[in-house]
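Written below as structure tokens is the structure these notes are about.
Bear in mind that the values in this text are calculations on the coordinates, not laboratory data. Please read these numbers as outputs of a predicted model, since none were measured by experiment. Don't worry about glycine lacking a Cβ; one is built from the backbone with ideal geometry, like all the others, and counts go over all protein chains shown.
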Amino acid sequence: MLKKLGTVLHRTPNGYIVARLEKEDDTLPPLNTIVYDENVNRVGVLLDVIGSVSSPYAVVKPSSPNVKVEAGTRLYYRPPTPRRGKGRGKPRRKPSGRRAAASPRQKPQARPGRGQRGRQQRGRGGGGGGRPQSRRDRRR
């Protein structure tokens, strides 16, 4: 179903179409909406809404330079359909009837080669190689 956008006033020198908006229910059409004429031929795209709140005007960018519209022609647009759900991403999979058997949590095992020796080297001056951490360590 098409909604009434407005009536064409004139064309600008750079080719845009200016129309006086006729608000039916105090809602403005969204920008980048396709605009049609009385014969449901595509005229262009709604580029901007200008003017005061009480009497706004629509600027329509023609779809081609060959579009012929005269002053007084009524313009229409198709209101956007509401989207259902999120509308993005992958469709969700239905859960299968089977569930994996729950396994008891296991305690993490110690890594091999990390015994007492590894702990002693981490302390101050543990005698391990590597780069000294501060000037004091360099003197020792």
Rounded to whole angstroms and listed largest first, the alpha-carbon spread of region 3-77 along its three principal axes comes to 32, 25, 22
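Sorted by average packing, counted as other Cβ atoms within 10 angstrom per residue and highest first, what order do 55-63, 13-21 take?
Numbers: 55-63: 18.0, 13-21: 15.3.
Order by mean packing, descending: 55-63, 13-21.
Hey, can you rank 25-31, 6-12 by average C-beta count inside 10 Å, highest first? Please report the intermediate quantities before stating the final value.
Details: 25-31: 11.1, 6-12: 15.4.
Ranked from most to least packed, the peptides come out as 6-12, 25-31.
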Residues whose modelled amide H sits under 5 Å from the amide H of THR33, counting only those 5 or more places away in sequence or on another chain, are LEU46
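Can you tell me the relative contact order of region 28-68? Whole percent, Cα pairs under 8 Å, sequence separation 6 or more. Each step should come with its number before you reach the end.
Values: 58 pairs, mean separation 12.7, N = 41.
After rounding, I find 31 percent.
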For region 3-77 the mean separation of alpha carbon contacts under 8 Å (6+ apart) over residue count, i.e. relative contact order in percent, is 41 percent
